[in-house]
Amino acid sequence: MADQSMPTGYGAFCWNELNTPDVAASKAFYEGLFGWRIVEESMGGMPMHVIFSGTTMVGDMMHLPPEVQAPSHWVSYVWVKDIEEVVAKAAAGGATIFVPVTEIPEVGRIAVFADPKGAVLGVYASEQEPGSPQPIGPGTFCWYECMSRDIESEKAFYADLFGWTSAAQSMEGGFVYHLQSRGSDQVAGMMAMEGEDWKGIPDHWMAYVAVPDIEATVAKVKPLGGTVCVPVTDIQIGRFAVIQDSVGATISVFQGKEQPCE
């Protein structure tokens, strides 16, 4: 997480989308928290609220209509070359397909699934070749993490799906962190959900946003109507916190020891 950029290309994360029943409330929360600029645009004929951190496009917000029985949530997307093959492989491996392969004109093709343990992830394909790595700056997404009660099963599923390799790393506090790589690029992490602290929390993917001052960022959460789920916590490479926004979606913030986002 201390790198100056996130890798891009097939098998790496490329996009983040907030699905919310109240776009106005979500927009106010994140603009106040991260200083994001959120602009309504039409992409492929669909109204979208595109998120900018400075001049960098980092994601979008989509309105969840009332008939969709789902809470507000973030979905992160992995860029794939053959989306039909990847989705078919995911289904064969036990995934539940929530959004089948869908074409968004002028944008590309997407799909969303829950892996066999229930963690939700999106995949994206486009005729456009993957570009250069996205620089990490204030308000950009800097890491992705799968929390699971069955790490070995998750490692095998994503190795088959994306070709990721896994390396175990001992961390302070006695737990093991599983780094997921695509070639020489670290693209994500996995960690076991063990103990009573995780009771009632389903397996999930978590996205992290880089901030220059995590204490100042977390101090804004409650006044903006959100909740601090995990307070600022020190780890070997920096500090993180987990928050829930004013509409109920969960996201994490991170400040590295090497100040990668200043």
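All of the numbers you see were taken from the coordinates with simple rules; none came from a lab. Quick caveat: nothing in here was measured; it's all calculated off a predicted structure. Note that we place each Cβ from the backbone using ideal geometry, even for glycine, and neighbour counts take in every protein chain shown.
Structure values in brief
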{"quantity": "Percentage relative contact order, the chain, counting C-alpha pairs under 8 Å, at least six apart", "calculated": "21"}
{"quantity": "DSSP-loop chymotrypsin sites (Phe, Trp or Tyr not before Pro) across the range 178-226, with at most 14 other Cβ within 10 angstrom", "calculated": "none"}
{"quantity": "Rounded to whole Hz, the Karplus (6.51, -1.76, 1.60) HN-Hα couplings of the range 162-172, x for glycine and proline", "calculated": "10, x, 5, 10, 10, 9, 7, 9, 6, 10, 4"}
{"quantity": "Stokes-Einstein D (µm²/s) once Rh is taken as the Kirkwood radius of the range 39-177 over alpha-carbon pairs, at 25 °C in 0.890 mPa s", "calculated": "144"}
{"quantity": "Residue order, fewest to most beta carbons within 10 Å, for V120, V232", "calculated": "V232, V120"}
{"quantity": "Paired Rg and Dmax values of the range 123-199, which use every Cα atom, in angstrom", "calculated": "14.7, 46"}
{"quantity": "Relative contact order (%) - the range 143-246, alpha-carbon pairs under 8 angstrom, separation at least six", "calculated": "25"}
{"quantity": "Positive-end residue, the range 1-144 charge dipole about Cα centroid, Cβ charges, pick of A125, W79, A95", "calculated": "A95"}
{"quantity": "In the range 1-87, GluC sites (Glu not before Pro) in a DSSP loop with at most 12 other beta-carbon atoms within 10 Å", "calculated": "E67"}
{"quantity": "Long-range tail of P(r) for the range 80-159 (Cα pairs > 15 Å, %)", "calculated": "64"}
{"quantity": "Point-charge dipole on Cβ atoms (K/R +1, D/E -1) for the chain, about Cα centre, debye to 20", "calculated": "280"}
{"quantity": "Estimated [θ] at 222 nm from DSSP helical runs (n ≥ 4, -39500 (n - 2.57)) normalised by residues in the chain, nearest 500", "calculated": "-5000 deg cm²/dmol"}
{"quantity": "Cubic angstrom per residue, convex hull over Cα atoms of the chain", "calculated": "127"}
